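A.B. asks: Shown below is the structure under consideration.
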Amino acid sequence: MASDKTAAAVQNLKKLSANLRELVIGKGQADQDEIVSIWENLKATPRTLRALVARNGSAAMEGLSRFRENLVKLPGAFRDSAVRHDAPTSDRTRSQAIFSNFFLHIHSTKIHPNSLRISTTWGLGISLLSQFAILTVTGILLMVYYTPSLDLAYNSIKDLHYVVPTGRLIRNIHRWTAHLMVLFVIFHMARVFYTSAYKSPREFNWLVGMLLFVLTLALSFSGYLLPWDQLAYWAITIGANIAASPNELVHALGLPKIFNLGDLNKELLLGASSVGQDALIRFYMLHVVALPLILTLGICVHIWRIRKDGGLARPGGTPTAAGQGVGTVEEIALAPQEQPSKTYGLMCVVRDKSPHTDKDPDETVSSWPYLLRAELLIFMINMLVCIALALFFDAPLSEHANPAVPENPAKAPWYFLGLQEMVSYSAFIGGIVIPTLTVIGLALIPFLDREDGESGVWFGGAPARKIALQSVIVGALAAVLAVAVPVNFGWLRNWFPGIPQLIIIICNPGSLLTLAYVIWSLNVMQQTRSTRLSAIALFTCFLVGFVILTYVGTFLRGPNWDFFWSKSSWPIH
Amino acid sequence: MPGRLEPDPIPRRDFIGIYGLWAAALAIFGSILGMMRLPKPRVTPEASTKFRAGTPAEFSPGTVKIIPEYNVRLLATEQGFAAMSLICPHLGCVVRESVDGFLCPCHGSRFSLQGTVLAGPAPRSLQWLSITQAIDGSLVVDTAQETEPGTFFQV
């Protein structure tokens, strides 16, 4: 069949060719030209057709070709829609990059080199932000497996530790980063304090910082219950009872039970009268939703205020010798009649031999890349430290919670051990009054010390360094005394067994230590007539006291909270 | 002349605006108060504070029985029965019995065998709990009901 058709087609072609030849040979030049032109047209047909389609072809063809074009341009168009500037190669485009990017616009486009100096901040704030980011990510990952129920909580932590791929590493990172964050909050606060960075106009941001400090501790504390091990159970039992400790005062005063406001605190915290399922779910809610939400909001306000308060507090002046004097205006005395009726402000007057082109009065540099690079470096160091800690040290997990037998000694995490030492004198004074007064006192510093002084400089002079050193000695002596006297000689109840409870509550080593610190700081104020120096004295004393009490609580307290010089001398039981 | 005694009348729109704002503020404040009511439970999930510790016949004088679920120490003497809470009145740890009294492992409070506080941060002595007798004769201890130290329940 096919060969028949082929044969017929060949026959026809042959006929056509014969006819053509006959036509061409038999005709004149004009006909030949016409035939050639027909042939030319034939050859051009596809192109003509295409042109025709392009000119007034079908809408579908047009849409498709446009779509193809868009597809080719997609990467470029996508980039242009997200980023509205050229590649950051010049200072202008770098500034644009910072300014127009949601995630970067919290930075100023230019930054003073003194703000970038490591000794200005030690990168503590960015470290804290990095740690919070690490905690958020690892926390979300842990939530994948963790179950907040009495029956399953402990086992889900065990699963994370032994079964879940990378579970142990992620939990370790979460635990050690949380410790680091508490440590760095304290460092950060000390840095801001000793560089006078809380002074006007930054008073409010110091308050926000205090809020973040308290929230960080609350987050750590709420996280402690979740593994539902012995440490968790007893730490929260003790914590909840500290919240209920105003009852001590009610009882000591002999008031009726209706005044037991402490019970309300405890009930709100635990949802019951002892630590159980309700407490676990409450602490879980606080730890994963409520507190992180408030903390995130607080961090946003804190960073926003840094910008609104004029950037970081930093040592003033220009960093290079060439910049000295740039931006200063010398006043010229004129006779009264020659004084201009109008004054003109000059942004910058150059008074030097060398030209200061491309330099503003502060010699600021572009945030891209200098600031961003510094931030990335700090972030990477934090990642490195957290992962290294997590690789080498496992997060502790003691045995399953047992409400009948507390661990002996039952110790809180290290940053609460100073507090536990205070609580071992009086729950109400050591656990509520002194911490509350400390936080209020810290919060009031910028409002009570309003002396003018250079912000951003460490200590700010020899007198301050001298006072700080003296305060370290005074603070340390007083703290050692506060521990040593009760350890060696007992306290009021041992001396006067019948003494009223109220006196024991009010007059304990912790309250006397606080009083000693306050008296020392008032004495410094009296001697130096400086609120700043007095604040340095008080802050240094509290810092040293915190370190010493934490050390005592961590290393020198053993079973039954007895004093031991080393763990090796703990009794065997 | 407007003054303290004859103040300018508040324009109608200002009046409505101001009272509208106050109404909104009150509503928000009221909602917050209402929300704060939720976390305080109406009933606590714990079992009853009363429990049966056994029949008097089970205890010969001088017997000590510790009930770990309630952290209660029941003592039978010639004078009668006494129940003492083992929960430290300081911060709620469970005290341990030593040779001459009780020690708290958490913050080092010391108590005598009668529960009197001797040293440490405990603000008061260990609680003695009330004992009653149920109809079937068993001793019932109520951990929420404190009694005077030295009170013995006689059958």
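A.B. asks: For segment A:120-129, does any single residue satisfy the condition of being exposed (fewer than 15 other Cβ atoms within 10 Å of the Cβ) and at pLDDT 95 or above?
C.D. replies: Looking for residues that are exposed (fewer than 15 other Cβ atoms within 10 Å of the Cβ) and at pLDDT 95 or above, one finds none in segment A:120-129, hence no.
A.B. asks: Taking the condition more than 14 Å from chain B (Cβ to nearest Cβ), touching a Cys at 6+ places or on another chain (Cβ under 9 Å) and either part of a helix (DSSP H, G or I) or aliphatic (A, V, I, L, M) (or both), does A:Leu180 pass? Please lay out each step first, then the result.
C.D. replies: Working: more than 14 Å from chain B (Cβ to nearest Cβ): yes; touching a Cys at 6+ places or on another chain (Cβ under 9 Å): yes; either part of a helix (DSSP H, G or I) or aliphatic (A, V, I, L, M) (or both): yes.
So A:Leu180 passes the test.
A.B. asks: Also, quick follow-up: Can you work out which of the residues in segment B:106-139 that are in contact with a Phe, Trp or Tyr (Cβ under 7 Å, 6 or more places away or on another chain) and not in a loop (DSSP other than H, G, I, E, B) is farthest from B:Lys65 (Cα to Cα)?
C.D. replies: B:Leu118
A.B. asks: Can you spot a residue in segment B:38-48 that is at the interface with chain A (Cβ under 9 Å from one of its Cβ atoms) and either touching a Cys at 6+ places or on another chain (Cβ under 6 Å) or crowded, with 17+ Cβ neighbours inside 10 Å (or both)? Even if it seems obvious, please write down each step before you answer.
C.D. replies: Initially, segment B:38-48 is screened for residues at the interface with chain A (Cβ under 9 Å from one of its Cβ atoms), giving B:39-41, B:44-46.
If we keep only those that are either touching a Cys at 6+ places or on another chain (Cβ under 6 Å) or crowded, with 17+ Cβ neighbours inside 10 Å (or both) as well, we get none.
No, every residue in segment B:38-48 fails to be at the interface with chain A (Cβ under 9 Å from one of its Cβ atoms) and either touching a Cys at 6+ places or on another chain (Cβ under 6 Å) or crowded, with 17+ Cβ neighbours inside 10 Å (or both).
A.B. asks: Among the residues of segment A:411-461, write down those that are over 30 Å from B:Pro105 (Cα atoms) and β-branched (Val, Ile, Thr). Walk me through it before giving the result.
C.D. replies: Residues of segment A:411-461 over 30 Å from B:Pro105 (Cα atoms): A:440-461.
Selection gives A:Ile440, A:Ile445, A:Val457.
A.B. asks: Follow-up question, since we're still on this one. Look at B:Ser31 and say whether it is out of contact with any Gly (no Cβ under 7 Å at 6 or more places or on another chain), outside any helix (DSSP H, G or I) and on the phi < 0 side of the Ramachandran plot. Before the answer, list the steps.
C.D. replies: Values: out of contact with any Gly (no Cβ under 7 Å at 6 or more places or on another chain): yes; outside any helix (DSSP H, G or I): no; on the phi < 0 side of the Ramachandran plot: yes.
No, not satisfied.
A.B. asks: Run B:Leu91 past the list (1) modelled with pLDDT under 90; (2) aliphatic (A, V, I, L, M); (3) assigned to a strand (DSSP E or B) and report the number of the one that doesn't hold.
C.D. replies: Failed condition: (3).
A.B. asks: If you don't mind, there's one more thing I want to ask. Going by the conditions given, is A:Leu249 among the hydrophobic types (A, V, I, L, M, F, W, C) and either away from every other protein chain (no Cβ under 14 Å) or touching a strand residue (DSSP E or B) at 6+ places or on another chain (Cβ under 7 Å) (or both)? Break it down stepwise before answering.
C.D. replies: Numbers: among the hydrophobic types (A, V, I, L, M, F, W, C): yes; either away from every other protein chain (no Cβ under 14 Å) or touching a strand residue (DSSP E or B) at 6+ places or on another chain (Cβ under 7 Å) (or both): no.
Spelling it out, it is not the case that A:Leu249 is among the hydrophobic types (A, V, I, L, M, F, W, C) and either away from every other protein chain (no Cβ under 14 Å) or touching a strand residue (DSSP E or B) at 6+ places or on another chain (Cβ under 7 Å) (or both).
A.B. asks: Also: Return a yes/no flag: does segment B:50-65 have any residue that is at the interface with chain A (Cβ under 10 Å from one of its Cβ atoms), surrounded by fewer than 18 Cβ atoms within 10 Å (Cβ to Cβ), more than 20 Å from B:Ser109 (Cα to Cα) and in contact (Cβ under 8 Å) with a residue 24 or more places away in the chain.
C.D. replies: no
A.B. asks: Okay, moving on. Out of the residues in segment B:73-101 that are more than 10 Å from every other protein chain (Cβ to nearest Cβ) and within 21 Å of the chain's Cα centre (by Cα), which is nearest to A:Ala243 (Cα to Cα)? Explain how you work it out, then say what you get.
C.D. replies: Kept after step one, since they are more than 10 Å from every other protein chain (Cβ to nearest Cβ), are these residues of segment B:73-101: B:73-85, B:97, B:99-101.
Subset that is within 21 Å of the chain's Cα centre (by Cα): B:73-74, B:82-85.
On the way: B:Arg73: 27, B:Leu74: 30, B:Ala82: 30, B:Ala83: 27, B:Met84: 24, B:Ser85: 21 Å.
Selected residue: B:Ser85.
A.B. asks: Do you know which residues across segment A:285-306 are under 20 Å from A:Leu150 (Cα atoms) and either touching a Ser or Thr at 6+ places or on another chain (Cβ under 8 Å) or within 11 Å of chain B (Cβ to nearest Cβ) (or both)?
C.D. replies: To start, the set of residues in segment A:285-306 that are under 20 Å from A:Leu150 (Cα atoms) comprises A:285-289.
The answer is A:Met285, A:Leu286, A:His287.
A.B. asks: Among the residues of segment A:392-418, which ones are within 9 Å of chain B (Cβ to nearest Cβ) and acidic (Asp, Glu)?
C.D. replies: Of everything in segment A:392-418, just one residue is within 9 Å of chain B (Cβ to nearest Cβ) and acidic (Asp, Glu), namely A:Glu407.
A.B. asks: What tally of residues in segment B:146-155 results from selecting those that are exposed (fewer than 14 other Cβ atoms within 10 Å of the Cβ) and in a strand (DSSP E or B)?
C.D. replies: Of all residues in segment B:146-155, those exposed (fewer than 14 other Cβ atoms within 10 Å of the Cβ) come to B:146, B:148, B:150, B:154-155.
Among the residues that remain, those that are also in a strand (DSSP E or B) are: B:146.
Total satisfying the criteria: 1.
A.B. asks: Here is a follow-up. Can you tell me which residue is farthest from the other protein chains (Cβ to nearest Cβ) among those in segment B:104-116 that are crowded, with 21+ Cβ neighbours inside 10 Å and free of Cβ contacts under 8 Å to residues at least 24 places away in the same chain?
C.D. replies: Looking only at segment B:104-116, we keep the residues that are crowded, with 21+ Cβ neighbours inside 10 Å, and these are B:104-109, B:111, B:115.
Among the residues that remain, those that are also free of Cβ contacts under 8 Å to residues at least 24 places away in the same chain are: B:104-109, B:111.
Details: B:Cys104: 7, B:Pro105: 4, B:Cys106: 5, B:His107: 4, B:Gly108: 3, B:Ser109: 9, B:Phe111: 12 Å.
Among residues in segment B:104-116 that are crowded, with 21+ Cβ neighbours inside 10 Å and free of Cβ contacts under 8 Å to residues at least 24 places away in the same chain, the one farthest from the other protein chains (Cβ to nearest Cβ) is B:Phe111.
A.B. asks: Which numbered condition trips up A:Phe447, out of (1) in a helix (DSSP H, G or I); (2) surrounded by fewer than 15 Cβ atoms within 10 Å (Cβ to Cβ); (3) within 14 Å of chain B (Cβ to nearest Cβ)?
C.D. replies: The failed condition is (3).
A.B. asks: Now a separate question. Any idea how many residues of segment A:83-97 are under 18 Å from A:Ile111 (Cα atoms) and free of Cβ contacts under 8 Å to residues at least 12 places away in the same chain?
C.D. replies: To start, the set of residues in segment A:83-97 that are under 18 Å from A:Ile111 (Cα atoms) comprises A:88-97.
This time we only want the ones that are free of Cβ contacts under 8 Å to residues at least 12 places away in the same chain, so: A:89-90, A:92-93.
Total meeting the criteria: 4.
A.B. asks: Counting just the residues of segment A:215-231 that are hydrophobic (A, V, I, L, M, F, W, C) and away from chain B (no Cβ under 14 Å), which one comes out nearest to A:Tyr145 (Cα to Cα)?
C.D. replies: Selected residue: A:Leu226.
A.B. asks: Mind listing whichever residues of segment A:252-272 are facing chain B (nearest Cβ under 8 Å) and crowded, with 18+ Cβ neighbours inside 10 Å? Before the answer, list the steps.
C.D. replies: Taking segment A:252-272 and keeping what is facing chain B (nearest Cβ under 8 Å), we get A:252, A:264, A:267-268, A:271-272.
Hits for segment A:252-272 are A:Ala252, A:Glu267, A:Gly271, A:Ala272.
A.B. asks: From the list A:Leu207, A:Leu215, A:Leu219, A:Leu231, which residue is assigned to a helix (DSSP H, G or I) and either over 29 Å from the mean Cα position of the chain (by Cα) or over 30 Å from A:Phe447 (Cα atoms) (or both)?
C.D. replies: Working: A:Leu207 fails: either over 29 Å from the mean Cα position of the chain (by Cα) or over 30 Å from A:Phe447 (Cα atoms) (or both); A:Leu215 fails: either over 29 Å from the mean Cα position of the chain (by Cα) or over 30 Å from A:Phe447 (Cα atoms) (or both); A:Leu219 fails: either over 29 Å from the mean Cα position of the chain (by Cα) or over 30 Å from A:Phe447 (Cα atoms) (or both).
Criteria check complete, one pass: A:Leu231.
A.B. asks: Continuing with the same structure: What single numbered condition from (1) closer than 19 Å to A:Met189 by Cβ; (2) within 13 Å of another protein chain (Cβ to nearest Cβ) fails to hold for A:Glu421?
C.D. replies: (1)
A.B. asks: Of all residues in segment A:114-155, how many are of a type in the set (A, V, I, L, M), touching a helix residue (DSSP H, G or I) at 6+ places or on another chain (Cβ under 6 Å) and part of a loop (DSSP other than H, G, I, E, B)?
C.D. replies: 1
A.B. asks: Which members of segment A:138-171 meet the condition of being surrounded by 14 or more Cβ atoms within 10 Å (Cβ to Cβ) and over 26 Å from A:Gly276 (Cβ atoms)?
C.D. replies: Within segment A:138-171, A:Thr138, A:Leu141, A:Val164, A:Gly167, A:Arg168, A:Leu169, A:Ile170 qualify.
A.B. asks: Report yes if some residue within segment A:372-383 is aliphatic (A, V, I, L, M), over 29 Å from A:Thr166 (Cβ atoms) and in contact (Cβ under 8 Å) with a residue 12 or more places away in the chain; otherwise report no. So that I can check it myself, show each step before the final result.
C.D. replies: Filtering segment A:372-383 for residues aliphatic (A, V, I, L, M) gives A:372, A:374, A:376-378, A:380-381, A:383.
Next, from what is left, pick out any that are over 29 Å from A:Thr166 (Cβ atoms): A:372, A:374.
Next, from what is left, pick out any that are in contact (Cβ under 8 Å) with a residue 12 or more places away in the chain: A:372, A:374.
Yes: one or more hits.
A.B. asks: If A:Pro113 meets every condition in (1) touching a strand residue (DSSP E or B) at 6+ places or on another chain (Cβ under 7 Å); (2) not assigned by TED's automatic domain parsing to the domain that holds A:Leu169 apart from one, which number is that one?
C.D. replies: Only one criterion in (1) touching a strand residue (DSSP E or B) at 6+ places or on another chain (Cβ under 7 Å); (2) not assigned by TED's automatic domain parsing to the domain that holds A:Leu169 is unmet by A:Pro113, namely (2).
The values are calculated or read from the model by the stated rules, or taken from the named source; none is laboratory data. All of these numbers come straight from a predicted model, not from anything done at the bench. Quick reminder, even Gly has a Cβ in these numbers, built from the backbone with ideal geometry, and neighbours come from all protein chains shown.
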